[in-house]
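One structure is given here, and the rest of the page talks about it.
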Protein chains: 2
Amino acid sequence: MEVTIREIGVIRSPFKASDSIPIQSSMSDAQGEAEILPEYVEGLHSLDGFSHIILLYWFHRTKAVKMRVTPYLDTKEHGLFATRAPSRPNPIGFSVVRLLRIEGNRLIFTGADMLDSTPLLDIKPFVPRFDNREDATSGWLASSLESKPEVHHSDDRFHE
Amino acid sequence: MEVTIREIGVIRSPFKASDSIPIQSSMSDAQGEAEILPEYVEGLHSLDGFSHIILLYWFHRTKAVKMRVTPYLDTKEHGLFATRAPSRPNPIGFSVVRLLRIEGNRLIFTGADMLDSTPLLDIKPFVPRFDNREDATSGWLASSLESKPEVHHSDDRFHE
């Protein structure tokens with residue numbers, strides 16, 4: 001199977017370089033905007049009732065794909081699919097962000113953790129009963145997260 | 001932007017037709033398997049420490065894309081992006097499933113809510129601290145979910 005995907009819009013964020021990006025949206029209070037192409041604006045109807053939305057997007061500045069990576073949160077190698085590293089066979093990113101408001105074709109949100117100009121692929125409503133897993137465990141990340149209560153990259157602008 | 005994506009494997013499930021599929025993985029106790037192509041198996045290393053994984057896949061049997069849809073859980077129309085309907089501009093599906101075990105190139109899981117033979121695009125570890133949103137609200141779905149405590153399609157095999 002080989003299929004073509006197209007952007008439905010673009011994400012604006014304060015992050016111009018990858019070393020300034022928060023590790024995850026849950027650790028970011030940065031504001032971002034998703035600008036939707038005109039032909040898709042009607043599809044936003046009644047999205048504003050949801051407090052959180054799922055953004056799927058294209059990691060557009062990735063490196064060579066390796067099956068073993070040493071993620072930021074560890075010093076040991078892990079399988080690529082056991083990490084959230086952006087350089088993947090299909091570099092599709094996934095963030096749950098807090099929707100502040102919708103203004104025409106613009107979705108204003110907090111929790112930005114993607115580069116500025118990231119191509120947007122899809123928007124889905126986040127539904128707690130569908131998407132939360134209270135009993136989930138964190139694999140190799142458990143000890144990393146415990147030892148780094150404030151997870152951030154090289155600066156201290158982002159914390160929970 | 002226009003990019004090409006390829007399957008990294010295929011998902012096996014008990015569901016051969018769309019009218020028998022559970023609404024969401026959180027409402028399914030059906031078992032499924034993701035079979036990974038040989039070149040990606042090394043990327044599964046240390047994934048088995050996670051209780052839940054995120055599967056991204058391609059809705060391969062979709063209909064015409066409409067910006068307003070009447071979802072199964074309501075009688076009113078909503079914007080496409082305020083629903084989880086499979087027929088989308090980029091028909092990328094998203095399920096959080098419970099990983100039972102990994103056997104070679106096969107990931108055995110429960111929570112199957114996709115058709116048999118669905119092309120798999122990506123696997124990510126589910127990390128509670130990254131992915132849960134305890135305080136999220138459910139928009140138009142709130143009242144639908146309340147009035148349908150056991151959400152299922154046309155049969156009663158699936159319930160929470």
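The values are calculated or read from the model by the stated rules, or taken from the named source; none is laboratory data. Keep in mind that what you see is a predicted model, and the values were worked out from it rather than measured. Because the Cβ atoms are built from the backbone with ideal geometry, glycine has one as well, and the counts that use them run over all protein chains shown.
Some points to look at:
- Cβ-Cβ distances below 6 Å connect the following pairs, each with a first residue in the range B:58-87 that is under 19 Å from residue A:41 (Cβ atoms), a second residue that is basic (Lys, Arg) and in a loop (DSSP other than H, G, I, E, B), and a separation of six or more residues or different chains: B:87/B:63.
- Members of the range B:115-131 found to be crowded, with 19+ Cβ neighbours inside 10 Å and either more than 7 Å from chain A (Cβ to nearest Cβ) or not in a strand (DSSP E or B) (or both), listed by number: B:115, B:118, B:120, B:126, B:127, B:128, B:130, B:131
- The residues listed here are A:107, A:120; of these, the one that is at pLDDT 95 or above and either over 22 Å from residue A:20 (Cα atoms) or among the aromatic types (Phe, Trp, Tyr) (or both) is A:107.
- Scanning the range B:40-82 for residues that are closer than 23 Å to residue A:39 by Cβ, within 7 Å of chain A (Cβ to nearest Cβ) and part of a loop (DSSP other than H, G, I, E, B) yields a total of 1.
- Hits in the range B:25-35 - residues which are crowded, with 22+ Cβ neighbours inside 10 Å and assigned to a strand (DSSP E or B): B:32, B:34
- Flag for residue B:37 being under 30 Å from residue A:40 (Cα atoms), in contact (Cβ under 8 Å) with a residue 40 or more places away in the chain and hydrophobic (A, V, I, L, M, F, W, C): no
- Of all the criteria given as (1) closer than 27 Å to residue A:11 by Cβ; (2) more than 13 Å from the chain's Cα centre (by Cα); (3) surrounded by 19 or more Cβ atoms within 10 Å (Cβ to Cβ), the one not satisfied by residue B:53 is (2).
- Test: residue in the range B:96-114 that is of a type in the set (Ser, Thr, Tyr), buried (at least 22 other Cβ atoms within 10 Å of the Cβ) and not in a loop (DSSP other than H, G, I, E, B): no
- Residue within the range B:82-96 that is more than 25 Å from residue A:93 (Cβ to Cβ) and within 19 Å of the chain's Cα centre (by Cα) present: no
- Condition check for residue A:22: surrounded by 21 or more Cβ atoms within 10 Å (Cβ to Cβ) and assigned to a loop (DSSP other than H, G, I, E, B): yes
- When residue B:158 is tested against (1) more than 10 Å from every other protein chain (Cβ to nearest Cβ); (2) modelled with pLDDT under 95; (3) surrounded by fewer than 19 Cβ atoms within 10 Å (Cβ to Cβ), just one condition goes unmet, and that condition is (3).
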